[in-house]
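The numbers here are math on the coordinates, done by the rules we state, and not lab data. None of the values given here were measured: they were computed from a predicted structure. Neighbour counts are summed over all protein chains in view; Cβ atoms, including those assigned to glycine, are modelled from backbone coordinates with ideal geometry.
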Amino acid sequence: HAAEAHRTDLMTITRHVLNEQSKHPEARGAFTILLNHIVLGCKFAGLAKLIGLAGETNVQGEEQKKMDVLSNEVFVKALISSGQTSILISEEDEVATFVDPSKRGRYIVVFDPLDGSSNIDCGVSIGTIFGIYMVEHKDDLSLEDVLQPGEKMVAAGYCMYGSSCTLVLSTGNGVNGFALDPSLGEFILTHPDIKIPKKGKIYSINEGNAKNWDKATAKYVENCKFPKDGSSPKSLRYIGSMVADVHRTLLYGGIFMYPADKKSPNGKLRLLYEVFPMSYLMEQAGGQAFTGKQRALELVPNNIHERSPVFLGSYDDVEEIKKIYAAVE
Ligand code: AHM
Ligand code: MG
């Protein structure tokens, strides 16, 4: 009666992470506390989306703070009060937050508290994206500690506020998906060990930018629509909300692209808290992430809000765009 056992033996995200960390007993408690504070921020951001849908003014008729600003405040406070963080980098804050030495821990968290917030008003899925680094010496910190390639992250994830609230996490040991059970208030493991299909049938890109694409991007998209090898054309899906587009790519396979173009030579997406965490998850799920020049996770950031082009998804699909770039350069 395995199915029954499954229903009564709930694998919460806390329990799952404690199991995963059992090989590193020294890190167990600290990481679990940190994750619980991130989860709190996600629960709030999910709520913020619902409040955002309800309108911009409260009962007193006052303008309320924008939901992304509010979510950022909740995340920053939750992360500092965890006692496990040393530096925080948020898409909402121009400068890095160095946590007061009395409250410092060994983790650096880079995050976009509410990505795709322009989609709130029409109820489209939005999400939180985060990546986690670890510092050796929490008493001797500098920005250099955070300007590290994505492959140095010790964990990354996102939470999607859609038809359900879904948290996808990797601690460097595969990718797992958890759904928020609203009655329990707990994230429950629903998608263990996610692997991205080796090849997909979907491509995802803002085609409105086609006028400004480079040759490689244009050629790849042309191949998606008019394949030269006799295969069927791919379907186009583009939500315009990175978390939702990446989540679909992870589960169904295919490729998500935000390339460089003539107007935005580095693309649009931010390296530290958008491109790195999603690239980390893709690799952990068996896919790839490429910048047009190199493996995304090997890039070394020069500043905290730097942008980078990205092509990520199924192994074979990213392999194809890599070949095209190699041929046109
Ligand atoms: P934002 O941080 O201003 O919300 O922008 C990020 C979003 C991503 O979620 C999404 O992938 C991208 O912008 C879509 O951009 P575009 O509208 O140019 O296609
Ligand atoms: Mg963003």
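Points to keep in mind about this one:
- One decimal place: the segment Asp181-Glu207 gains 5.7 nm when fully extended, by the rule 0.36 nm per residue minus the C-alpha distance.
- Flagged links, alpha-carbon separation over 20 Å, of Lys262/Lys293; Lys234/Lys262; Lys228/Lys293; Lys195/Lys225; Lys23/Lys198: Lys234/Lys262; Lys228/Lys293; Lys195/Lys225; Lys23/Lys198
- Entry note, the chain: relative contact order of 15 percent, from Cα contacts under 8 Å with a spacing of 6+ residues.
- For the chain: rounded, prolate or oblate by the Cα gyration tensor [a/c cutoff 1.5]: rounded
- Point-to-point label distance, Asn19-Lys323, nm (Cα→Cβ direction, 7 Å offset): 3.9 nm
- Between helix 242-252 and the chain there is an angle of about 70 degrees, using the helix long axis and the longest principal axis of the Cα atoms.
- Where labels lie 7 Å past Cα in the beta-carbon direction, separation of Lys66 and Arg237 in nm: 2.9 nm
- Note, ³J(HN,Hα) from phi for the range 92-105, Karplus 6.51, -1.76, 1.60, rounded to Hz, x at Gly and Pro: 7, 10, 4, 10, 5, 9, 8, 5, 3, x, 5, 10, 7, x
- For the chain, the longest principal axis of the C-alpha atoms and the axis of helix 67-81 are separated by about 50°.
- Remark: the chain carries a charge dipole of roughly 920 debye about the Cα centre, counting +1 on each Lys and Arg Cβ and -1 on each Asp and Glu Cβ.
- Karplus 3J(HN,Hα) series, Hz, for the range 272-283 with 6.51 cos²θ - 1.76 cosθ + 1.60 (x for Gly, Pro): 5, 10, 10, 5, 4, x, 5, 5, 4, 4, 4, 5
- Nearest-ten-degree value, helix 315-328 long axis tilted from longest Cα axis of the chain: 50 degrees
- Backbone HN-Hα couplings from phi across the range 209-217 [Karplus 6.51/-1.76/1.60, Hz, Gly and Pro as x]: 8, 3, 3, 9, 5, 7, 4, 5, 4
- Listing His16, His24 from fewest to most neighbouring C-beta atoms within 10 Å gives His24, His16.
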